[in-house]
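First comes the structure, then the notes that go with it.
The values are calculated or read from the model by the stated rules, or taken from the named source; none is laboratory data. Note that the structure is predicted; figures quoted are calculated from it, not measured. Note that each Cβ is placed from the backbone with ideal geometry, even for glycine, and that neighbours are counted across all protein chains shown.
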Amino acid sequence: MSSDPKVSFVVPCYNEEKNVAATLETIRSACGNLGLSYEAIVVDDGSRDGTGAAVERYRSQHPDESVILVKNEINRGLSYNYFKGAEIGRGEYYMAVFGDHSEPVEALLAILRKMGQADIVIPYIDHSKRSFARWMISKAFSNLINCIIVQRVRYFNGPVLHKRADLLGRSGRNAGFGCQAELLAQLLKDERTYVEVLIPFNNRISGGSSAFRFSNFVAVSGSLWRIFKIRWGHPT
């Protein structure tokens, strides 16, 4: 029986037929560079394109790589898939790498090289390639959370590296895009240690961004309220 991998990656995908193979190749390249054993858990979250078929092609082309495909019949959302991946995974460490190929190999290398220096490795983004509007929204979100939890974390929505055991038994099904921020708020309250690392990011190879959807703003508002309750308890 093979030993457990060092790192489990969850790769959430929704209509990422044109991007997912490049994402998997980035993971393979980064882990190969560092000599790390890994597994990639691809979650096809009810895609309407050929995402699943693209993953199957990649697996057939790389039979020695541990690539697991999970298919959701309906779209379950980022948070559900993130925590489900942690339950499926076998690695000591765990992180999400989105199927849109937004993280280049240099970003993964920077994060993985910090592994073991603290309980959590929190990346923050090089904003030089982002629009001013995206930078402002990201900065405002981070500042709000830091005010609530009394921390100075630079960025909350990147591909954070965790000890997988810290995610087991947790639930974030309603958190949407704020699930990572909620998780960090809880773990920092529980006195987990962290280090930060600057990373670059890629623009999407294909397809548009969903960052400005109204539903995401609603989900983030809910996350801020839950983060307040995590840090301070239910207000009287």
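Tally up the residues in segment 66-113 that are assigned to a loop (DSSP other than H, G, I, E, B) and more than 20 Å from N202 (Cβ to Cβ), please.
10
Suppose we filter segment 21-65 for residues that are in contact with a Ser or Thr (Cβ under 9 Å, 6 or more places away or on another chain) and surrounded by fewer than 17 Cβ atoms within 10 Å (Cβ to Cβ); how many remain?
Adding up the residues that qualify gives 1.
Considering only residues that are among the aromatic types (F, W, Y) and part of a helix (DSSP H, G or I), look in segment 141-181 and name the one that is modelled with the highest pLDDT.
F141
Is there a residue in segment 1-8 that is buried (at least 20 other Cβ atoms within 10 Å of the Cβ), modelled with pLDDT of 95 or more and either over 19 Å from R164 (Cα atoms) or not polar (S, T, N, Q) (or both)?
Looking through segment 1-8, at least one residue is buried (at least 20 other Cβ atoms within 10 Å of the Cβ), modelled with pLDDT of 95 or more and either over 19 Å from R164 (Cα atoms) or not polar (S, T, N, Q) (or both).
Among the residues of segment 15-37, write down those that are part of a loop (DSSP other than H, G, I, E, B) and farther than 22 Å from K163 by Cβ.
N15, E16, E17, K18, N19
Checking the structure you have, find out if any residue of segment 122-129 is basic (K, R), farther than 20 Å from G85 by Cβ, at pLDDT 80 or above and assigned to a helix (DSSP H, G or I).
no
What pairs can you find where one residue is in segment 185-203 and touching a residue at least 12 places away in the same chain (Cβ under 8 Å) and over 10 Å from V121 (Cβ atoms), the other is of a type in the set (V, I, T) and not in a loop (DSSP other than H, G, I, E, B), and their Cβ atoms are less than 6 Å apart, with a gap of 6+ or different chains?
A185/I149; A185/I227; A185/I230; Q186/I230; R192/I120; F201/I125
So which of P12, P5, P63 is farther than 22 Å from N157 by Cβ, in contact (Cβ under 8 Å) with a residue 40 or more places away in the chain and either of a type in the set (F, W, Y) or not in a helix (DSSP H, G or I) (or both)?
Matching residue, one of P12, P5, P63: P5.
Do you know which of the residues in segment 22-42 that are free of Cβ contacts under 8 Å to residues at least 60 places away in the same chain and in contact with a Lys or Arg (Cβ under 7 Å, 6 or more places away or on another chain) is farthest from G116 (Cα to Cα)?
Looking at the filtered set, the residue picked out is E39.
Please find, within segment 87-96, the residue that is nearest to A165 (Cα to Cα) out of those that are aliphatic (A, V, I, L, M) and crowded, with 23+ Cβ neighbours inside 10 Å.
M95
Report whether or not E103 is at pLDDT below 95, under 18 Å from the mean Cα position of the chain (by Cα) and within 24 Å of L198 (Cβ to Cβ).
yes
Among the residues of segment 38-58, are any closer than 23 Å to V121 by Cβ, more than 16 Å from the chain's Cα centre (by Cα), at pLDDT 95 or above and not in a strand (DSSP E or B)?
So far as segment 38-58 goes, no, none of its residues is closer than 23 Å to V121 by Cβ, more than 16 Å from the chain's Cα centre (by Cα), at pLDDT 95 or above and not in a strand (DSSP E or B).
State yes or no: is K71 surrounded by 15 or more Cβ atoms within 10 Å (Cβ to Cβ), modelled with pLDDT of 95 or more and either polar (S, T, N, Q) or more than 13 Å from F9 (Cβ to Cβ) (or both)?
So K71 fails the test.
Could you check segment 189-225 and list, in sequence order, the residues that are farther than 27 Å from T26 by Cα and either aliphatic (A, V, I, L, M) or at pLDDT 90 or above (or both)?
K189, D190, E191, R192, T193, V218, A219, V220, L224
Across segment 96-129, what is the total count of residues that are free of Cβ contacts under 8 Å to residues at least 24 places away in the same chain and closer than 29 Å to D45 by Cα?
Qualifying residue count for the region: 1.
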